1. Evaluate the charge dipole of the range 58-114 about its Cα centre and quote only its size in Debye, nearest 20, assuming +1 on the Cβ of each Lys and Arg and -1 on the Cβ of each Asp and Glu.
2. P(r) of the chain in 10 Å steps, Cα pairs, percent per bin?
3. Cβ under 11 Å from Y3's Cβ, Y3 left aside: what net charge do those residues give with Lys, Arg +1 and Asp, Glu -1?
4. Separation of the range 81-116 and the range 1-45 by C-alpha centroid, Å?
5. Which number gives the lysine pairs in the chain that have C-alpha atoms under 24 Å apart and are eight or more places apart or on different chains?
Amino acid sequence: MTYSDAQLKTILETNKVIACVGVSMNPVRPSYFVARYLSMKGFTVIPVNPGHAGKMLFGQTIMPDLASIDRPVDMVDIFRRSEHVTPIVEAALEAFPALKTIWMQIGVENAEAAALAQERGVTVIMNRCPKIENQRLFGELRMGGFNTGVISSKL
């Protein structure tokens, strides 16, 4: 699917509480560094992973599942294989009546789950990464795809 930059930017500007399903405590895993980045950028990231429930990550207690989260969530970011997404979306729709966005990470697509969310008025993004999109849309990525941290007038 194709998403406009305006749509992605609006999502990242208005979704401030993110439940990250499938987060890892291993710093080399994408789910760890994406959740860490988002938390460093001012998002409240609620980690969800039954294997690490009760432990702390980025100042938040890791939750065993979405139903255990006791506050409103704007977005659910899913780091699970595509075939596991439908029950996650069903749980998200049940747990968070005001949910704005379901975001499936790079490589994750599930049309059935997307349709369930869209029927409830929830925006769905598939096969994208909020970290990459945030960096791209808010000026952190250079042409080479990374921020060098070097200020130079050379081209």
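Every number here is computed from the coordinates shown, using simple stated rules; none is lab data. These numbers come from a predicted model, not from an experiment. No Cβ is skipped: glycine too gets one built from the backbone with ideal geometry, and neighbour counts run over all protein chains shown.
1. For this selection, approximately 160 debye.
2. Each 10 Å bin holds this share of Cα pairs: 11, 42, 34, 10, 3, 0.
3. The answer is 0.
4. Using only Cα atoms, the two centres lie 15 Å from each other.
5. Step by step, the pairs that qualify in the chain add up to 12.
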